[in-house]
Amino acid sequence: MSDFIKRHQPKTVDDLVLSNITQMVIFNMISSGVSNANLLLYGANGTGKTSLARALIAGYFEAHNDNDMCEYINMTKMKDFNKLRNTIGLVPRNVSGRRWLLIDEVEKITNRHLLDELHDIIDNSYNCSFILTTNNKGALPGGLISRCQAIGIEAPSPDQFLSRAQEIVIAEGIEATAADVLAVLQQGAADLRGYLFRLEMFCLSRRMAQRTVSVPAVPHTTPPQKTTP
Ligand SMILES: Nc1ncnc2c1ncn2[C@@H]1O[C@H](COP(=O)(O)OP(=O)(O)OP(=O)(O)O)[C@@H](O)[C@H]1O
Ligand SMILES: [Mg+2]
């Protein structure tokens with residue numbers, strides 16, 4: 001992850017750009033603590049699923065005036081379900097006694113037995129809410145999907161992401177018009193990773209251009225006149 005991406009990673013829900021009303025409804029549902037349903041966020045790469053899940057959980061704790069007690073598990077690394085069970089047991093409870101688990105990239109579990117174990121863990125984990133994310137909902141068994149509220153996540157359009165992109169450009173100390181920034185967002189695929197990459201390149205090129213302009217021109221010196229003795 002580049003420093004640029006790190007600097008502008010969304011940390012709170014206010015930093016998130018939600019593409020449609022459904023996501024807003026879900027956010028309100030979770031952060032207000034009205035519902036503790038398990039969620040399955042599905043969608044293409046770079047649509048912001050992991051960022052949304054993290055911010056939703058952080059928002060929940062903020063709404064409950066509590067410390068963030070979320071465990072993040074990426075399924076690429078988690079192959080041992082005994083370890084998963086133990087991890088769930090170790091996640092501290094918040095004041096309301098609730099625990100959250102973010103299980104990222106759940107489609108990476110290809111072993112049927114492990115998937116059955118996950119059903120069992122979800123069914124029997126007392127006072128624990130799960131947010132699962134996946135790029136490939138079609139690869140998941142129906143039993144897992146039916147245990148969650150499945151929400152399709154789409155990347156915001158360039159227009160929707162524009163004001164956040166302008167904030168990023170300003171934070172980088174770059175002057176640019178809204179039309180300039182919109183053109184950058186529209187230059188390629190509409191996904192958050194693409195937006196961030198293009199904005200990074202844009203800021204870099206603007207900064208280099210500014211430096212070139214501010215470097216003083218080499219003074220033109222006239223060659224010394226030959227003097228005849
Ligand atoms: N609102 C936002 N503002 C700025 N950057 C964002 C925003 N939302 C997401 N990002 C950035 O976009 C990138 C992609 O987001 P994220 O990793 O959440 O997508 P994803 O859907 O989980 O992708 P994948 O399916 O590949 O895991 C990340 O670098 C993240 O920091
Ligand atoms: Mg992700």
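The values are calculated or read from the model by the stated rules, or taken from the named source; none is laboratory data. Quantities reported herein were computed from a predicted structural model and do not represent experimental measurements. Cβ placement follows ideal geometry from the backbone for every residue including glycine, while neighbour counts extend to all protein chains displayed. Each accessible area value is taken on the protein alone, full model and side chains, heavy atoms only, with ligands, DNA and RNA left out. Shrake-Rupley method; radii C 1.70, N 1.55, O 1.52, S 1.80 Å.
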Open item on the list: Out of the residues in the range 122-148 meeting the condition of being touching a Lys or Arg at 6+ places or on another chain (Cβ under 6 Å) and without any contact (Cβ under 8 Å) to a residue 60 or more places away in the chain, tell me which one is surrounded by the most Cβ atoms within 10 Å (Cβ to Cβ).
Closed with: 128
Open item on the list: Looking at 127, 111, 135 in this structure, which one is polar (S, T, N, Q), modelled with pLDDT of 85 or more and assigned by TED's automatic domain parsing to the domain that holds residue 47?
Closed with: 135
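Somewhere in the range 23-42, is a residue within 12 Å of ligand 1 (Cβ to nearest atom), modelled with pLDDT of 65 or more, open to solvent by less than 40 Å² (accessible area, probe 1.4 Å) and of a type in the set (Val, Ile, Thr)? Can you show your working first?
The first filter runs over the range 23-42 and keeps only residues within 12 Å of ligand 1 (Cβ to nearest atom), leaving 23, 41-42.
With modelled with pLDDT of 65 or more added as a condition, the list becomes 23, 41-42.
Adding the requirement that they be open to solvent by less than 40 Å² (accessible area, probe 1.4 Å) leaves 23, 41.
Okay, now just the ones that are also of a type in the set (Val, Ile, Thr), so none.
The answer is no; no qualifying residue exists.
Right, residue 193: within 16 Å of ligand 2 (Cβ to nearest atom), charged (D, E, K, R) and in contact (Cβ under 8 Å) with a residue 60 or more places away in the chain or not?
Details: within 16 Å of ligand 2 (Cβ to nearest atom): yes; charged (D, E, K, R): yes; in contact (Cβ under 8 Å) with a residue 60 or more places away in the chain: yes.
Yes; evaluated as a whole, the condition is true for this residue.
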- [ ] Give just the number: which of (1) within 26 Å of residue 112 (Cα to Cα); (2) more than 16 Å from ligand 1 (Cβ to nearest atom); (3) surrounded by 15 or more Cβ atoms within 10 Å (Cβ to Cβ) does residue 176 not satisfy?
- [x] (1)
Open item on the list: Give all pairs with beta carbons closer than 6 Å in which a residue from the range 174-186 that is in contact (Cβ under 8 Å) with a residue 12 or more places away in the chain and within 13 Å of residue 205 (Cα to Cα) meets a residue that is surrounded by 14 or more Cβ atoms within 10 Å (Cβ to Cβ) and aromatic (Phe, Trp, Tyr); count only pairs at least 6 apart in sequence or on separate chains.
Closed with: 184/202
